[in-house]
1. Can you give me the accessible area per residue for segment 37-134, using a 1.4 Å probe, in Å²?
2. Go through Lys159/Lys431; Lys334/Lys400; Lys37/Lys477 and tell me which ones have a Cα-Cα distance over 31 Å in this structure.
3. Taking H as built 1.01 Å from N, whose amide H comes closer than 5 Å to the amide H of Gly151, not counting residues under 5 places away?
4. Which ³J(HN,Hα) values, rounded to whole Hz and listed in residue order, are derived for segment 94-110 from phi using the Karplus coefficients 6.51, -1.76 and 1.60 in 6.51 cos²θ - 1.76 cosθ + 1.60 with θ = phi - 60°, glycine and proline given as x?
5. Run the numbers for Glu115 and Lys490: contour at 0.36 nm per residue of separation, minus the present Cα-Cα distance, in nm.
6. Can you work out the Karplus-derived ³J(HN,Hα) for every residue in segment 461-470? Use 6.51 cos²θ - 1.76 cosθ + 1.60 with θ = phi - 60°, whole Hz, and x for glycine or proline.
7. How many nm is it between the label spots at Arg49 and Arg508, if each spot is 7 Å from the Cα in line with the beta carbon?
8. Which net charge results when you count Lys and Arg as +1 and Asp and Glu as -1 among the other residues whose beta-carbon is under 13 Å from that of Leu476?
Amino acid sequence: MSCMHRLRVSVVLTYIAFSSALCATVETGNDAKSFTKEAKIQVGGKTLRYVSTAAETILRDGEGNPIASIWSVAYTKPDAKKENRPVTFIYNGGPGASSSVLHIGLLGPKIVRREGAPNSDDGAAPYALIDNPNSILDLTDLVFVDPVGTGYSHALGDKSNQDFWSVGADARSMGDFIRQWIADKQRWNAPKHILGLSYGTTRAVGVAHYLHTAHGIDMNSLLLLGPALDLGGLSSVDNNLLAYIGYLPSMATVAHYHGKAGQGKPLGAFAKEAREFALNDYAGALFKGNMMSDEERSRVIKQFADFTGLEESYVSAANLRVLVPRFRKELLRKEGLTIGYSDGRYTGDEFDDTASDPLSGDPSMYKESGMYAAGFHHYMTQLGVTMPMPYKLWNSQVGKDWDWRPDVKAYADPQRYRVAKRANIIEVASKLGTLMRRNEALEVFAASGLYDIVTPFFDTERTFANHGIIQDRVALKYYESGHRLWADIKSWEALSADIRQFYLDKQR
């Protein structure tokens with residue numbers, strides 16, 4: 001998913017004929033399968049010829065023993081000069097998500113898309129699979145990668161899938177895949193980029209850091225959608241003051257969307273006011289706690305209620321500490337609706353309207369899941385892919401068994417690792433700051449949805465304002481969308497245009 005799983009953070013248009021020729025399946029001595037196909041697409045008014053390669057890559061340990069089969073789908077331009085042709089490696093999040101949603105929803109040459117406003121259901125098959133009119137294949141090759149336990153990727157030999165389900169092991173295996181891919185394709189001197197969504201942004205920074213320190217491979221850019229670089233601020237649990245503050249402005253924008261707060265004010269202006277309240281009066285009130293006077297407490301409660309659309313009595317009973325699940329249930333309780341997690345614009349009708357928390361999942365996910373599942377599997381048949389196992393679009397077991405401890409191999413000083421382990425700190429923002437100071441060519445594109453309550457935009461701003469990140473090499477963008485930033489036509493077009501411009505600027 002484009003969603004995350006840590007504590008509470010679990011977190012299109014005219015069809016153009018697909019002219020192609022299917023090539024034979026190739027099996028290496030390692031029984032690694034590869035399926036290739038040639039095709040054409042219209043990009044920027046021009047016809048672009050490309051090759052798709054859906055394949056397994058075998059990772060080996062230092063003694064040459066196979067340890068994992070990594071599944072990827074690569075799109076390359078056959079007539080380009082290899083040494084100058086950029087390549088972008090793409091990951092989704094979870095942990096436990098395959099790359100399928102980014103593949104079929106935003107960046108692949110073929111996408112599945114529905115018309116309609118946010119919150120509409122995707123219906124049932126058949127769905128339209130069309131050429132992507134906003135493809136960036138003219139600017140970069142694309143490699144969609146599935147981590148171990150997702151897609152068709154799995155452990156081999158003496159290894160189990162769980163051996164790869166940790167912050168450090170995941171980053172190393174994905175970094176080793178990139179190193180092997182560029183070696184196999186002789187792309188050492190090509191500009192290299194990583195794009196990640198949600199936990200895929202945590203992975204992107206970890207992989208870039210690993211490649212730099214272990215192999216001397218530097219990235220040209222990181223594109224981070226729904227950034228999750230400091231998970232301490234993304235856990236909406238009791239007494240996490242950082243999360244209370246970081247989520248407040250997103251609660252305000254969602255309440256604004258549903259007509260519960262800030263009516264008559266433009267969204268941008270209202271979001272700015274919510275930021276200022278969160279940073280000043282609200283943060284101060286949380287730190288003061290019972291040291292507040294009755295007058296100050298009443299004033300802050302009223303402000304909180306005005307920004308979030310909740311009743312003052314509810315905010316008072318919650319002692320100014322409203323957890324995200326309870327906000328999702330409470331905002332539209334009178335209407336009998338629960339709002340989405342990945343995207344607060346979506347609503348779902350639950351059977352139990354008296355529950356304190358949502359009980360039936362995330363409507364911003366289940367209202368689109370059928371479209372992505374059917375569209376992706378149908379597209380794989382068009383590529384001629386036949387595998388002996390089911391493709392795992394989403395593997396919930398990965399998140400359940402994930403080892404969230406800091407990566408011991410990333411700490412040169414054992415004492416620093418012990419401190420990080422004791423505090424259970426999962427943050428890679430400082431690694432990004434280090435990379436940007438060491439690699440002065442590294443630039444960052446970061447995108448936040450104003451209705452995203454998985455990775456809230458205000459917490460993203462806090463993260464990028466700290467940790468030694470070089471501000472003038474970060475392009476921080478905002479969209480009137482949720483965690484899946486492309487969920488509606490307007491945001492999809494804006495995001496696609498900004499990503500295209502980012503690549504064009506890099507090539508100047």
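1. With all protein chains present, segment 37-134 gives 35 Å² per residue.
2. Listed pairs above 31 Å: Lys334/Lys400; Lys37/Lys477.
3. Ser98, Lys392, Leu393
4. x, x, x, 9, 6, 8, 4, 5, 4, 5, 8, x, 9, 10, x, x, 10
5. 133.9 nm
6. Calculated HN-Hα couplings, in order: 4, 4, 4, 6, 7, 10, 6, x, 6, 7 Hz.
7. 3.2
8. -2
The values are calculated or read from the model by the stated rules, or taken from the named source; none is laboratory data. All values derive from a computational prediction rather than experimental measurement. Note: ideal-geometry Cβ built from the backbone for every residue, glycine included; neighbour counts use all protein chains shown. Ligands, DNA and RNA are stripped out before the accessible areas are found, and what is left, the full protein with its side chains, is counted by its heavy atoms. Shrake-Rupley method; radii C 1.70, N 1.55, O 1.52, S 1.80 Å.
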